[in-house]
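Peer 1: Next up is a structure, given as structure tokens.
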Amino acid sequence: MSAMWHADAEMLTSYADGEIADVHASSLEAHLLACERCRDRLAAVPASASASAPASQGSMDRIWAEVVDTIDAPNPGFVERTLIALRIPQHVARLLAATPSLRGSWLIAEAVALGFAVLAANTATGRSADLALFLFLVVAALLPVAGVAVAFGPGIDPAYEVGAAAPMRGDRLVLMRATAVLATSIVISAVAALAMPRLDAIAIAWLLPSLGLTLATLTLGTWLRPLVAAAAVSLSWIMLAAAAAVSTQDRLAVFRPAGQLACLVAIAASAVVLAHRHIAYQEGIAT
Amino acid sequence: MSAPTIEIDDVHKRFGHTTALRGVTFDAATGITGLLGPNGAGKTTLLRMMATVLAPDDGRLRLLGWDPRVADERLAIRRRLGYMPQEPGFHRSFTAFEFIDYVAILKEMTDRRARHDEVRRVLGVVDLEGVSDRKIKALSGGMRRRVALAQSMLGDPDLLVLDEPTAGLDPEQRLRFREIVSERTSDRTVVLSTHQTEDVAALCQRIVVMLDGQVLFEGTPQELTDVAEGRVWLAEQRAAGARLSWRTANGAHRNIGEAPPGADLVAPTLEDGYLLLVGDRALSEAAA
């Protein structure tokens, strides 16, 4: 494989002396793996006055260990590779790759569900057009809630028991996974929204509800299991949306400005409660 | 016994209408302590408490000198703990290497190179280096148990809690397991549960026999064996007074119970002592 660039002498000297910043060292090491020319030049770099010979030898050992580690460690899967390409740190990417709702099969299921809603919206006419739009908005708003429901927790995460006995804070893992699930769902829904017949504000009226419902699920999840919390939040919101539609004679009432405002209030309230309650995820002691 | 590293005092636990533990009390020190008992005796519930994933309803635990109910102290315990659950779950799409690496990250090992070295070390300990890049779903049941054991060894923990670690292992693997677990017992506390009395006899300095959520016996393997002293004899037939009896390979019946006068007494084993203690419950489980 040919390298696109070559390390300059100053960089190689700094590296050999162990004085290079970690971020540049990582970048250089990645390059050295692919570039024989730079490896040879690095090997020829003399130890500087400030650096002892053993330090240079240490640097070479470090490179060799990096080479061995890179070759020996299995190639990460698609989700993990994608996350790393998005500049997510490798250890975080591995934690996220274990999220059931970030697997390819789940993401495809999300896309298919939205695809049907988009198809219905594009083929419906008259009064049923509003119904199809309502369906799309509801599905898009609830996707991250469903994803969060199966992102963590006992009975969901197969390695939950082992993780619960580990020192990593449970709330950190939960928030990390919920954020990744929410971001992924938003991207999929946004792409689907582009295929809707009306490309106006209403096509993205699911965004604030999805944020609010996800936060509400995480908040309720500090008392209940994630799946139960998600079911409770989803059912409550569907009933609220139906009640608003009936009382105002407008199927999309919950997605109108007043509904969006209510979502903002719900987001703020959930965020405050979650900030106080997140310790429940940290506890990790099931009862 | 040296200073206790595990102190369990009058611990109770209920799950709905089922009482799992009713006033369990015992101490354990560095070395290997084995929990023996039939299914439903409360071993797993107790081990989950020692692994800090389950809180007691009542009673007190101290692990390595810390109280798991206090957040900071629980964290300190978890930083020195290795835990292999009875039914370890796996992210099956991960390779063996990736799964152990995943657990290592949960154990706060964020430096990639050092973490990978540690993952390779524990895979080597359980002789799984050759399949490290194989998906978990493609591994045999015995190999998966070894992956679960390997993750528990990450970071060379001071407290190792192993729930039925030898289930599903073949004899060679069980011997290797004994070798692994018996290393570093001078300053490490290992608590394991098992149905294999041979494992307990071969490994454990202390034994706790549990039945119906209570501690029935606590002592050394020799003390458990002594429970059956003078109560094991061989006869042509099943003896009328025997509580337990079975036909051995050479045709004689090995009887356990109150020996009749003049019986051909034989040296008891640890298993005889255990069977006498848990009696009919263990026998019905063995027949099931």
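The values are calculated or read from the model by the stated rules, or taken from the named source; none is laboratory data. Predicted, not measured: the structure shown is a model, and the values here were computed from it. Every residue, glycine among them, receives a Cβ derived from its backbone with ideal geometry; neighbour counts consider all protein chains shown. Side chains included, ligands, DNA and RNA excluded: accessible areas come from the protein's heavy atoms. Shrake-Rupley method; radii C 1.70, N 1.55, O 1.52, S 1.80 Å.
Peer 1: What shape does the protein assembly as shown take by its C-alpha gyration tensor, where a ≥ b ≥ c are the square roots of the eigenvalues and a/c under 1.5 counts as rounded, a/b above b/c as prolate, and the rest as oblate?
Peer 2: Values: a/c = 2.48, a/b = 1.39, b/c = 1.79.
It is oblate, given that a/c is not under 1.5 and a/b is not larger than b/c.
Peer 1: Please find the FRET efficiency linking residue B:249 to residue B:140, where r is the Cβ-Cβ separation and R0 is fixed at 22 Å, and quote it to the nearest 0.05. Don't jump to the answer; show the numbers that get you there.
Peer 2: Working: r = 30 Å, r/R0 = 1.34.
Calculated transfer efficiency: 0.15.
Peer 1: Right, another one. What does the accessible area per residue of segment A:48-205 come to in Å², with a 1.4 Å probe and no ligands, DNA or RNA counted? Spell out each step's value before the answer.
Peer 2: Working: 7250 Å² over 158 residues.
Value for segment A:48-205: 46 Å² per residue.
Peer 1: Around residue B:265, what is the net charge, scoring Lys/Arg as +1 and Asp/Glu as -1 over all other residues with Cβ under 10 Å from its Cβ?
Peer 2: Numbers: positive: B:231; negative: B:229, B:264.
Every neighbour counted, the sum reads -1.
Peer 1: Label points 7 Å out from Cα along the Cβ direction at residue A:36 and residue A:264: separation in nm?
Peer 2: In this crude label model, residue A:36 to residue A:264 measures out at 6.3 nm.
Peer 1: Other chains' Cβ within 10 Å of B:81-94 residues: what's the mean? If you can, show how the numbers build up before the last one.
Peer 2: Working: counts 3, 3, 5, 3, 6, 1, 2, 4, 9, 4, 9, 1, 7, 8.
If you average over the peptide's residues, the count of other-chain Cβ atoms is 5.
Peer 1: What is the extension gain from residue A:68 to residue A:191, computed as 0.36 nm multiplied by their sequence separation minus the C-alpha to C-alpha distance, in nm to one decimal? Show your work: numbers first, answer last.
Peer 2: Details: separation 123, 0.36 × 123 = 44.28 nm, distance 4.10 nm.
Residue separation times 0.36 nm, minus the Cα-Cα distance, leaves 40.2 nm.
Peer 1: Something else now. If ligands, DNA and RNA are left out, what is the accessible area of residue B:266 with a 1.4 Å probe, given in Å² to the nearest 10?
Peer 2: Per-residue accessible area (residue B:266): approximately 40 Å².
Peer 1: Summing Lys, Arg as +1 and Asp, Glu as -1, what charge do residues with Cβ under 9 Å from the Cβ of residue B:92 carry, residue B:92 excluded?
Peer 2: Values: positive: B:135, B:137; negative: none.
Once all neighbours under 9 Å are counted, the net charge is +2.
Peer 1: Between B and A, buried accessible area summed over both sides at probe 1.4 Å, in Å² to the nearest 100? Please list the in-between numbers first.
Peer 2: Details: alone 13560 and 16060 Å², together 26300 Å².
Buried: approximately 3300 Å² between A and B.
Peer 1: At a Förster radius of 25 Å, what calculated FRET efficiency corresponds to the Cβ-Cβ distance of residue B:14 and residue A:223, to the nearest 0.05? Kindly include the intermediate steps, with their values, before the conclusion.
Peer 2: Details: r = 20 Å, r/R0 = 0.82.
The computed FRET efficiency comes out at 0.75.
Peer 1: Related question: Can you pull the accessible area of residue B:43 for me, 1.4 Å probe, Å² to the nearest 10?
Peer 2: Accessible area, nearest 10 Å²: 10 Å².
Peer 1: Within 10 Å of each Cβ of A:67-77, how many other protein chain Cβ atoms are there on average? Intermediate results must be reported in sequence, preceding the final value.
Peer 2: Values: counts 0, 4, 6, 3, 0, 6, 11, 10, 3, 4, 5.
Across A:67-77, the average partner-chain Cβ count within 10 Å equals 5.
Peer 1: Something else now. Ranking request for peptides B:113-121, A:119-127, A:204-212, B:237-245: highest mean number of other beta-carbon atoms within 10 Å first, then the rest in descending order. Walk me through the numbers on the way to the answer.
Peer 2: Working: B:113-121: 17.9, A:119-127: 12.8, A:204-212: 21.7, B:237-245: 15.3.
Going from most to least packed, we get A:204-212, B:113-121, B:237-245, A:119-127.
Peer 1: If you rank A:66, B:218, B:172 by how much accessible surface each has, with a 1.4 Å probe, what is the order from largest down? Numbers along the way, then the final one.
Peer 2: On the way: A:66 15, B:218 70, B:172 125 Å².
Sorted descending by solvent-accessible area, the residues read B:172, B:218, A:66.
Peer 1: In segment A:161-176, what residues drop by 40 Å² or more of accessible area when the other protein chains are put back, versus the chain on its own? Use 1.4 Å, and skip ligands and nucleic acids.
Peer 2: Residues meeting the cut-off: A:161, A:162, A:165, A:166, A:167, A:168.
Peer 1: Now for a separate question. Per the 1.4 Å probe, what fraction of the accessible area of segment A:157-244, in percent, lies on carbon and sulfur atoms?
Peer 2: Numbers: 2860 of 3670 Å².
With neighbouring chains kept in place, the figure for segment A:157-244 is 78 percent.
Peer 1: Then there is this: Under the rule a/c < 1.5 gives rounded, and otherwise a/b versus b/c splits prolate from oblate, where does segment B:80-197 land using the Cα gyration tensor?
Peer 2: oblate
Peer 1: In terms of Cα to Cα distance under 12 Å, which aspartates and glutamates are near enough to residue B:135, apart from those fewer than 8 places away along the same chain?
Peer 2: B:98
Peer 1: Show B:137, B:107 ordered by accessible area, largest first, where the area counts protein heavy atoms only and the probe is 1.4 Å.
Peer 2: Working: B:137 115, B:107 35 Å².
Correct descending sequence by accessible area is B:137, B:107.
Peer 1: So how far, in whole Å, is the C-alpha centre of segment A:251-277 from the one of segment A:143-216?
Peer 2: 16 Å
Peer 1: Separate question: Find the accessible area per residue for segment B:1-125; the probe is 1.4 Å, ligands and nucleic acids are left out, and the unit is Å².
Peer 2: Values: 4580 Å² over 125 residues.
I get 37 Å² per residue for segment B:1-125.
Peer 1: Given A:35, A:216, A:16, which one lies farthest toward the positive end of the charge dipole of the protein assembly as shown, if we put +1 on the Cβ of every Lys and Arg and -1 on the Cβ of every Asp and Glu?
Peer 2: Value computed over the given set: A:216.
Peer 1: For Cα pairs less than 8 Å apart in space and 6+ apart in sequence, what is the mean separation divided by the residue count of chain A, i.e. the relative contact order in percent? Walk me through the numbers before you get to the answer.
Peer 2: On the way: 286 pairs, mean separation 46.8, N = 287.
Dividing the mean separation by the residue count of chain A yields 16 percent.
Peer 1: Compare each residue of segment B:30-53 in its chain alone against the assembly with all protein chains, and report those whose accessible area goes down by 40 Å² or more; 1.4 Å probe, heavy atoms.
Peer 2: B:53
Peer 1: Count the net charge of all other residues whose Cβ sits under 14 Å from the Cβ of residue B:232, scoring Lys and Arg as +1 and Asp and Glu as -1. The partial results should precede the final answer.
Peer 2: Numbers: positive: B:231, B:238, B:243, B:254; negative: B:226, B:229, B:258, B:264, B:271, B:272.
Combined, the nearby Lys, Arg, Asp and Glu give -2.
Peer 1: Given Cα pairs under 8 Å that are at least 6 residues apart, what percent is the relative contact order of segment B:186-288? Please report the intermediate quantities before stating the final value.
Peer 2: Working: 157 pairs, mean separation 25.3, N = 103.
With pairs under 8 Å counted, the relative contact order is 25 percent.
Peer 1: If you don't mind, there's one more thing I want to ask. Just how much of residue B:90 is accessible, in Å², when a 1.4 Å probe is used and the result is rounded to the nearest 10?
Peer 2: In the full protein context, residue B:90 sits at about 30 Å².
Peer 1: Then there's this: Counting alpha carbon pairs within less than 8 Å and at least 6 residues apart, what relative contact order, in whole percent, applies to segment A:130-287? Write out the running numbers ahead of the final one.
Peer 2: Working: 166 pairs, mean separation 52.8, N = 158.
Result for segment A:130-287 is 33 percent.
Peer 1: Something else: Tally up the carbon and sulfur contribution to the accessible surface of segment B:178-288 as a whole percent, 1.4 Å probe, everything protein left in place. Spell out each step's value before the answer.
Peer 2: Working: 2630 of 5400 Å².
Carbon with sulfur: 49 percent of the solvent-accessible area.
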